[in-house]
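Throughout, read-outs are computed from the coordinates displayed, never taken from laboratory work. Keep in mind it's a predicted model, so treat the numbers as computed, not measured. Here Cβ is always computed from backbone atoms with ideal geometry, including for glycine, and neighbour counts include all displayed protein chains.
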Amino acid sequence: RVPVVDVQSDNFLELWPSMVLALRTATFVAVDTVRRGAGGGVAAAGGAADGCLPAGAERPRRQEVSAEPPENTFLCQIYNLTLLCMEEYVVEPQSVQFLVQHGFDFNKQYSQGIPYHKGNDKGNENQSRSVRAFFLELIRAKKPLILHNGLIDLVFLYQCFYAHLPDNLSTFTADLSEMFPAGIYDTKYASEFETRFVASYLEYAYKKCKRENCKLKGSSSQHLTIEFCNYAASMSCYIDYRHCSLDEESHNLGGGNKVPICEKFSAYGWCPKGVKCPQSHNIDLIIDEDDRLWEEKRKKRKNKWKRRKNTEEPPKVAEQESTGKGMEPAQNGEEGPPRKQSCYEPAEITASSEGRPPEDPMDGEPGADAVRAAEKGKETHGPPSQGGTHRAGFDAFMTGYIMAYVWMLKKGNTTEAEAGPWLPECHNKLYLSGKSVPLQIVKSLFSKSSKAHSQKMKLAWASG
């Protein structure tokens, strides 16, 4: 079970010290936001920080009894901040309806949500313990920031807790590069271009990483170990538990009464029929099917390679054959991640209201941001806890888990600290929907930081 600490207006000040300590001592911080508004106003339905730090740094005694390499053991602290925008905003009925179906408590948000406003600071509010002051603590911590498909999350965080958005993209990326000097990392980019999974929506990538990590553990190879804090009894009323273990019973079902997998959900993590869809949205079964198809393709390539070798033809697939599981060849002669074979039919998609290219068919639907965020955190296994099936805090945990796993794979057996970016292959690269190249978070020679950002940075370090 994953403990998610609920942070609301009535316990925000009480939990402030532990949240700030988690930021300052973390190896990295993973963040996820859920928005339920559109147009001129965006309201926060939930936000979370997932602070991860090596257990050896937190509890040195554990190294004496643990057989795990301490550098691959993480102690996770997960906070779910329920926020309330104090300005007028537009809500979309479909988004609200979907979140209610998945257990979001709007009464709780309006009665206990932590207040915030958008744009620039008002007065000396950063000197008090507010959401804006907490966001400044995140900046002061200078930790790698981890998100999943994070461009819109960054826009939301900047606009709601930092300052008015700059007029152009180059200024925005210049500001971000200075706000987070340790780097910004996108697990959707990592899932497609580094681990090369056939699908990269959040829950798929998380469960795929978890499954591969279990295989590593079973073979006594280097693997990831996750631990959680033992909270005091007085904290129990704040903690909501998420169940994330693999459901072996449903995982091993076969033949007989097997429900067909929803191809759209399998590819995108979203289905227009939602909970009314008669086909399966079980992520474990989807991964099973993908692994089965991959194995069939692998055998075909192997047989084809053998035939060519026997006829003394050049083994064109030899290099592909050596790439390992999950490393499908690029299609159409272009570099890029593998694609789902079942979803080649043209999708009816349109640009969203923000004018950004859609990631999948749901981007053309009203409330796409909130629906996608709610779907990507949906748990399909285990009894739901009292907060329903969707939590931004658990989404942040999954995001952090993916990045920790990718980092472990990339660093291999090296233990020496290297100068430079924490994870160079993914450093400051944000996934862009429909693009084969990421958005680089850099400050170019031709861009300047915004005036509001410069003032905020002076404030951050003057009062830090």
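Packing around the peptides 73-86, 4-17, taken as the average count of other Cβ atoms within 10 Å per residue, puts them in this order, highest first: 73-86, 4-17. Sorted on the mean count of surrounding Cβ atoms within 10 Å across their residues, most packed first, peptides 447-456, 297-306 read 447-456, 297-306.
Please work out whether region 260-304 counts as rounded, prolate or oblate from its C-alpha gyration tensor, where a ≥ b ≥ c are the square roots of the eigenvalues and a/c under 1.5 means rounded, while otherwise a/b larger than b/c means prolate and anything else oblate? Since a/c reaches 1.5 and a/b is larger than b/c, the shape of region 260-304 is classed as prolate.
Approximating the spin labels as points 7 Å out from Cα along Cα→Cβ, the Tyr241-to-Ser436 distance works out to 4.8 nm.
With the simple spin-label model, which puts each label point 7 Å out from Cα in the Cβ direction, the Lys410 to Arg298 separation comes to 2.4 nm.
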